[in-house]
Each structure stands twice: as C-alpha cells, then as structure tokens.
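Quick notes on the structure that follows.
The values are calculated or read from the model by the stated rules, or taken from the named source; none is laboratory data. Please read all numbers here as calculations on a predicted model, not as lab measurements. In this analysis, Cβ positions are derived from the backbone assuming ideal geometry, glycine residues included, and neighbour counts consider all displayed protein chains. To get the accessible areas, we keep the full protein, side chains included, count just its heavy atoms, and leave off ligands, DNA and RNA. Shrake-Rupley method; radii C 1.70, N 1.55, O 1.52, S 1.80 Å.
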Amino acid sequence: MDRAEKREFVTDLHETFKDSGSIVVARYAGLTVAQMNDLRSKMREQGGTVKVAKNRLAKIALQGTDAEEISKLFEGQTLIAYSTDPVAAPKVANDFAKGNDKLVILGGAMGTTALDADGVKALASLPSLDELRAKLIAMVQTPATRIAGVVAAPAAQLARVFGAYAKKLSLIHISEPTRLRR
C-alpha cells in the first residue's frame, strides 16, 4: 500500500471503530484460508465483518475513538471482528473459537468499555438484538392473547350451555311423541 491507500484505510477503519456496537480482537495464527473464509461468512451472516489489518494502522485508526483503550491488544497476527449489533461479533467469534483453537480471543470493546477475553465471552452469552426483539414482541403479544381468551371465555361458555340446553330440548321433543304412541 502506498501512503494515500494507507491514509484512506486508516480513515475507513477509524469510522468503522466509531460506528461499531462491539469490536473483537483475536489472534489468528495458524488458521487456513478456508477457515478464515468460513469465519468471514459466518460473521457476514450475522451482520458483522472480519478484517485483518496491520497492527500499526489499527492503532492509528483507534486514536480518538471510544475503543482507543484496546490498542494494546494489537500485537502479533491479529484480526478485528466488528458489528453494529453489540452481541453479534462476540457471539460469532466465540462460537468459532470454541471449534477452532487457532483463533484466540484477546479482548475487545463495546462502546467506551474495554473488554478482556472473559468480557467478550460474557458478551457472547447474551441474546442478540433480534432475539431480544422477538422476546419483547412475545411478551407484548402474550397479554393480548390472554385478554382475548378471557373475553372470549364467557361467550364460549354461554355457547356451550345453550348448545347443551338445545340438545336436551331436542331429545325431549323427540322422545315425547314416542311416549304418546305407546
């Protein structure tokens, strides 16, 4: 990369760090190209991105961001995983690291909070924004369903009573003429 490309890369990475809900820094020494592509595709499915950047450029890009504190993690072969959803990148990185010991999570950041490896794992255990939205919708819909059930219950009970009474009356009417004939 020439100077202009490096400057543009640092500017783009700086904006990425500012806009990300969470950032994960991991060591990837020993990962094959296929494994790295697999990680990238899994991250992309969840709305995240994986980048490999020179440590020096990543440290420069972190300056002036909320995540500036994690610049000390950039030593050796490191990659950056990030997403706007604060849980997506840590969850995918953690799941991938469980199945592949070559990916070692070093730490990360969520907003102004710097995270160590355990902090990233704890963040990964939380439900994602989509899961939280689904739970919230279910919680909102459940009372409405219960109210509808409670409101409909008396009408249903009345319908059953009327049905039973009508059935009883029809049996009486059918049985009365037969009694008279005897």
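Can you pull out every residue in segment 105-123 that is farther than 16 Å from A88 by Cβ and surrounded by fewer than 16 Cβ atoms within 10 Å (Cβ to Cβ)?
Residues satisfying the conditions are T112, T113, D116, D118.
Can you name the condition, by its number, that T78 falls short on among (1) touching a Lys or Arg at 6+ places or on another chain (Cβ under 7 Å); (2) open to solvent by 40 Å² or more (accessible area, probe 1.4 Å); (3) polar (S, T, N, Q)?
Tallying (1) touching a Lys or Arg at 6+ places or on another chain (Cβ under 7 Å); (2) open to solvent by 40 Å² or more (accessible area, probe 1.4 Å); (3) polar (S, T, N, Q), T78 fails exactly one: (2).
Any idea how many residues of segment 1-45 are surrounded by 14 or more Cβ atoms within 10 Å (Cβ to Cβ), more than 22 Å from E68 (Cβ to Cβ) and either out of contact with any Ser or Thr (no Cβ under 7 Å at 6 or more places or on another chain) or among the aromatic types (F, W, Y) (or both)?
Qualifying residue count, segment 1-45: 8.
Under 8 Å between Cβ atoms, at least 6 apart or on separate chains: pull out the pairs that start in segment 126-138 with a residue that is in contact (Cβ under 8 Å) with a residue 60 or more places away in the chain and end on any residue that is open to solvent by less than 100 Å² (accessible area, probe 1.4 Å) and in a helix (DSSP H, G or I).
Cβ pairs passing all conditions: S128/A88; S128/K91.
Kindly indicate whether L115 is assigned to a strand (DSSP E or B) and under 15 Å from A29 (Cβ atoms).
no
Only one residue in G64, G108 is of a type in the set (G, A, S), without any contact (Cβ under 8 Å) to a residue 60 or more places away in the chain, in contact with a helix residue (DSSP H, G or I) (Cβ under 9 Å, 6 or more places away or on another chain) and not in a helix (DSSP H, G or I). Which one?
Answer to the selection: G64.
Taking segment 12-55 on its own, how many of its residues are in a helix (DSSP H, G or I), touching a residue at least 40 places away in the same chain (Cβ under 8 Å) and over 22 Å from P86 (Cα atoms)?
The total comes to 1.
Filter segment 19-60 down to the residues that are over 23 Å from the mean Cα position of the chain (by Cα) and of a type in the set (G, A, S) and list them by number.
Once the filter is applied, which keeps residues that are over 23 Å from the mean Cα position of the chain (by Cα) and of a type in the set (G, A, S), segment 19-60 yields A29, G30, A34, A53, A58.
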